Every structure is written in C-alpha cells, then in structure tokens.
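The values are calculated or read from the model by the stated rules, or taken from the named source; none is laboratory data. Just so we're clear, the structure is a prediction, and the values are computed from it rather than from any experiment. Every residue, glycine among them, receives a Cβ derived from its backbone with ideal geometry; neighbour counts consider all protein chains shown.
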Amino acid sequence: METPDKLVVFNLDEQRFAFDLACVERVIRIAEITHVPKAPPFVLGIINMNSRVIPVFNTRILFDLPDREIELSDNLIVVLAAGFKVALFADEVTGVMPYEEQKFVGREEIFPGIGEMQGVVRLDDGMIFIYDLNRFLAKESLAALCNDPVNAALKMSDEYKQVASDD
C-alpha cells in the first residue's frame, strides 16, 4: 500500500472520510444528475462533465449510511482510480490535509477484513476513515459500472432482483 502525501477529507452525516488527493481530479458542487432506470441503489445516476458521461455513486449507501435527499450545498468528488473516472457523492468536502504517519492506525490493526479501508487517522476532534480508491473501485460490480454505466446498472439490477426473489 502506497502512503498518500495529502488527503481529501469529506463528511457523510457526522462521519469523516478521506481519499488520497492524487486520485482526486476535482471537487464540484452538486450537478444535475440523470437517473439511470433500474440502476442499483448505490447509483445516483450519471452526469455530463466536459462532454463525458460519468457515473455518480451514492457513497452514503456504499458506506452503509442512511440515504437522504440531495441538497444544493452537497458536493461531488470526481476521482480517477483503478482506471475509472467516477463522481462520488459527499455531504461536504472539508478540505485537504497532510498525511501524518504518527496519527495513522492501519486497517490490519483494527479492521483486517475490510480491504478497501487503509486505516484511520486519529485527531483531537475525532477520527477520519481513509479509503483506498483503487481497491474501492476495483470491486467487480463497481468496475463494470465505470466501464459501461447504463448496461452494467441494468444487469446488476436484474441480478439484485433475482437474489431478492430467492430470499
């Protein structure tokens, strides 16, 4: 695992998360998101950015947090990782902070089974969960969505419905 130089910190509810700044292309205010029919719940839709269609993932759902209505003050973090460009929803992007080794606790010490989590940064006012975007976006289902967002979303939705009906 490569150590990041700087981290982009963002909030979802009262929790703070971070990604390596090297993977972040830009942060934008919430844009018009086009709904993708039959997409799985974690897909908010797609956006048109600089004449390129980019899938938008609901990080609240991916991090198992309660969903909520989108607000005009929300942000999208446009990232390039695992060979894919996607936009990730954030309630608020609070800024960039330097990575400090002495404040970092690796996942193997606290969450050995969560492969996409790099670890936690301890601060005086709480903790920040650091995620490895390359591992996070390399998940098979997310990778399929990045390559062909509409068709992959439809396929995943059909698979999701099949699993749900088997229960």
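Residues in segment 80-90 include at least one that is farther than 15 Å from Asp132 by Cβ, in contact (Cβ under 8 Å) with a residue 24 or more places away in the chain, touching a Pro at 6+ places or on another chain (Cβ under 9 Å) and of a type outside the set (A, V, I, L, M, F, W, C). Within segment 31-42, which residues are surrounded by 16 or more Cβ atoms within 10 Å (Cβ to Cβ) and either without any contact (Cβ under 8 Å) to a residue 40 or more places away in the chain or under 22 Å from Phe129 (Cβ atoms) (or both)? The answer is Ile33, Phe42.
Per the listing Ala22, Ala81, the residue uniquely of a type outside the set (Val, Ile, Thr) and touching a Cys at 6+ places or on another chain (Cβ under 7 Å) is Ala81. A single entry from Leu65, Leu80 fulfils the requirement of being surrounded by fewer than 20 Cβ atoms within 10 Å (Cβ to Cβ), under 15 Å from the mean Cα position of the chain (by Cα) and over 17 Å from Asn11 (Cα atoms): Leu80.
Can you find a residue that is of a type in the set (S, T, N, Q), under 16 Å from Tyr131 (Cβ atoms), touching a residue at least 40 places away in the same chain (Cβ under 8 Å) and out of contact with any Gly (no Cβ under 9 Å at 6 or more places or on another chain) anywhere in segment 46-58? Let's see the steps before the verdict.
The first filter runs over segment 46-58 and keeps only residues of a type in the set (S, T, N, Q), leaving 48, 50-51, 58.
From the residues that got through so far, the ones that are under 16 Å from Tyr131 (Cβ atoms) too are 58.
Next cut, touching a residue at least 40 places away in the same chain (Cβ under 8 Å) only: none.
Within segment 46-58 (the criterion being of a type in the set (S, T, N, Q), under 16 Å from Tyr131 (Cβ atoms), touching a residue at least 40 places away in the same chain (Cβ under 8 Å) and out of contact with any Gly (no Cβ under 9 Å at 6 or more places or on another chain)), the answer is no, since none of the residues qualifies.
Count of segment 31-57 residues, restricted to those that are part of a loop (DSSP other than H, G, I, E, B), of a type in the set (A, V, I, L, M) and in contact with a Leu (Cβ under 6 Å, 6 or more places away or on another chain), is 1.
Listed here are the strands (runs of 3 or more DSSP E) enclosed by segment 60-102 that have at least 1 residues being in contact with a His (Cβ under 8 Å, 6 or more places away or on another chain) and among the β-branched types (Val, Ile, Thr), and there are none.
Given the criterion assigned to a helix (DSSP H, G or I) and either polar (S, T, N, Q) or at pLDDT below 75 (or both), identify the matching residue among Glu159, Glu108. Don't jump to the end; show me each part of the working.
On the way: Glu108 fails: either polar (S, T, N, Q) or at pLDDT below 75 (or both).
Unique residue meeting the criteria: Glu159.
Within segment 62-86, the set of residues being modelled with pLDDT under 85 and either among the aliphatic types (A, V, I, L, M) or over 22 Å from Leu7 (Cβ atoms) (or both) comprises Leu62, Ala81, Ala82.
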